[in-house]
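Below is one structure, written out as structure tokens; comments come after it.
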Amino acid sequence: MKYKTRLTIAGLVLILAILGFCGFYQIKVLDLQFAPLLQRIFTDVSAAVIFGGIVILTLLFGRFYCSVICPFGILQEFAALVLKKKNKAVANHPVKYFIAAVVFGFLLGGSAIVLRYIEPYTLFGSAITLSVVGVVGVFAVLTLVFFKNRFFCTNICPVGTLLGLLSKLALCKIYINSEKCVSCGLCEKNCPSGCINSKEKFIDNETCIKCLKCLDVCPKGGIKFGRKLRKDVK
């Protein structure tokens with residue numbers, strides 16, 4: 001899958017999500033959303049199957065959920081395109097693990113109240129339906145996009161944190177071929193999640209949202225997506 005193809009699919013998903021929230025159709029395409037599925041896996045067989053599918057997809061290919069399925073993540077990407085924002089260095093902040101632990105801890109305890117204020121699907125949907133909390137939350141995140149691009153997805157979103165941990169185990173990853181890379185820095189400059197260190201020839205696949213932009217901009221074919229080869233990657 002190339003960057004433009006992935007972006008086109010993501011755009012269609014965003015449109016379907018908006019139309020669904022506005023009540024234009026009844027097809028449950030929004031049932032692909034991670035957190036609502038997680039809340040129903042023990043009571044709904046179909047939810048458990050779809051949830052398992054997302055987990056398997058992540059274990060195979062990494063965080064494509066964040067760049068293709070999550071409407072709020074897609075909205076941030078298009079906002080960055082409109083603002084013509086390039087990447088600014090974003091650290092992998094340990095606080096995200098604390099946020100995820102609190103959110104999912106409450107959920108396991110039977111309360112979704114914390115989840116509703118930070119989970120991307122809920123924020124997006126409530127903003128579309130003009131909920132004050134949703135509108136304020138989405139506005140705040142889109143403002144963050146202006147300064148730090150996909151910082152919410154990589155360092156705040158509890159769903160992204162959990163999927164990121166799974167992505168560390170993914171069969172296929174994005175990596176730098178040391179023999180072809182000329183350290184031009186284009187991949188790092190264009191990475192919206194700040195997960196590339198071109199000097200060290202390292203890509204953090206935990207925070208990588210699989211936008212595939214780095215593959216598109218690399219002039220030498222030095223970025224690869226697939227199984228990591230020991231001779232190609234540190």
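Read-outs: derived from the displayed coordinates by stated rules, not from any lab. No experiment lies behind these values; they were computed from the predicted model shown. Don't worry about glycine lacking a Cβ; one is built from the backbone with ideal geometry, like all the others, and counts go over all protein chains shown.
Starting from one equal scatterer on each C-alpha and no solvent at all, send me the Debye-based log10 I(q)/I(0) for segment 78-149 at q = 0.19 Å⁻¹, two decimals.
Calculated log10 I(q)/I(0) at the listed q: -0.92.
What length, rounded to one decimal in nm, is gained on full extension from Cys172 through to Lys220, with 0.36 nm per residue of separation minus their alpha-carbon distance?
On the way: separation 48, 0.36 × 48 = 17.28 nm, distance 2.05 nm.
In short, 15.2 nm is gained.
Over all directions, the average projected area of the alpha-carbon convex hull for the chain comes to how many nm²?
Details: hull surface 50.1 nm².
Taking the Cα atoms of the chain, their convex hull projects to 12.5 nm² on average.
For segment 124-205, just the Cα atoms, rotate onto the principal axes and tell me the three extents in Å, largest first.
Per principal axis, max minus min of the Cα coordinates gives 52, 27, 16 Å.
Considering the Cα positions of segment 1-70, please state its Rg to one decimal place and its Dmax as a whole number of Å.
According to the Cα coordinates of segment 1-70, Rg and Dmax are 12.9, 38 Å.
Work from the charge dipole of the chain (Cβ charges, +1 for Lys and Arg, -1 for Asp and Glu, about the Cα centre) and give the residue of Cys208, Phe42, Leu130 farthest towards its positive end.
Most positive-ward Cα: Cys208.
Restricting to Cα pairs below 8 Å that are 6+ residues apart, what does the relative contact order work out to for segment 1-145? Please round to a whole percent. Let's see the in-between values first.
Values: 116 pairs, mean separation 31.2, N = 145.
Computed over segment 1-145, the figure is 21 percent.
With springs connecting C-alpha atoms under 10 Å apart, model the chain as a Gaussian network and identify which of Tyr97, Tyr25, Tyr175 has the largest mean-square fluctuation.
Tyr25
What's the FRET efficiency of Leu108 with Arg227 using the Cβ-Cβ distance as r and R₀ = 30 Å, to the nearest 0.05? Could you put the intermediate results ahead of the total?
Working: r = 34 Å, r/R0 = 1.13.
Working from the Cβ atoms, E equals 0.30.
For the chain, give the magnitude of the charge dipole about the Cα centre (Cβ charges: +1 Lys/Arg, -1 Asp/Glu; no others), in debye to the nearest 20. Could you put the intermediate results ahead of the total?
Numbers: 29 positive and 11 negative charges, 209 e Å.
Result for the chain is approximately 1000 debye, rounded to the nearest 20.
Where in segment 59-112 are there trypsin sites (Lys or Arg not before Pro) that are in a DSSP coil and have at most 15 other Cβ atoms within 10 angstrom of their Cβ? Display every interim value, and only then the final one.
Values: sites: Arg63, Lys84, Lys85, Lys86, Lys88, Lys96; in loops: Arg63, Lys84, Lys85, Lys86, Lys88.
For trypsin sites (Lys or Arg not before Pro) across segment 59-112 that sit outside H, G, I, E and B with at most 15 neighbouring Cβ atoms in 10 Å, the list reads Lys84, Lys86, Lys88.
For segment 1-136, what is Rg from Cα atoms divided by 2.2 N^0.38 Å, rounded to two decimals?
Details: Rg = 15.7 Å, N = 136, 2.2 N^0.38 = 14.2 Å.
In units of the globular-protein estimate, segment 1-136 measures up at 1.10.
Given a cut-off of under 8 Å on Cα pairs at least six residues apart, what relative contact order in percent is computed for segment 110-234? Please report the intermediate quantities before stating the final value.
Working: 168 pairs, mean separation 28.7, N = 125.
Relative contact order here is 23 percent.
What is the extension gain from Val182 to Phe78, computed as 0.36 nm multiplied by their sequence separation minus the C-alpha to C-alpha distance, in nm to one decimal?
Values: separation 104, 0.36 × 104 = 37.44 nm, distance 2.94 nm.
The Val182-Phe78 span can extend by a further 34.5 nm.
Along Cα→Cβ, 7 Å out, is where each label goes; now give me the distance between the ones at Leu165 and Lys199 in nm to one decimal.
3.2
Using helices alone, I'd like the mean residue ellipticity at 222 nm for the chain: each DSSP H run of four-plus residues gives -39500 (n - 2.57), total over residue count, nearest 500. Mind dumping the intermediate values first?
On the way: 12 runs with 125 residues, N = 234.
It comes out at -16000 deg cm²/dmol, rounded to the nearest 500.
Name the GluC sites (Glu not before Pro) in segment 150-234 that are in a loop by DSSP and that have at most 11 other C-beta atoms within 10 Å, would you?
Details: sites: Glu179, Glu188, Glu200, Glu206; in loops: Glu179, Glu200, Glu206.
Those that pass, being in a loop and sparsely packed, are Glu179, Glu200.
Given R₀ = 41 Å, what would the calculated FRET efficiency be for Asn92 paired with Asp44, taking r from the Cβ atoms and rounding to 0.05? Before the final figure, lay out the partial values.
Details: r = 34 Å, r/R0 = 0.83.
Efficiency for this residue pair is about 0.75.
Order these peptides, 73-82, 139-148, by their mean beta-carbon neighbour count within 10 angstrom, highest first. Before the final figure, lay out the partial values.
Values: 73-82: 19.5, 139-148: 15.1.
By packing density, highest mean first, the sequence is 73-82, 139-148.
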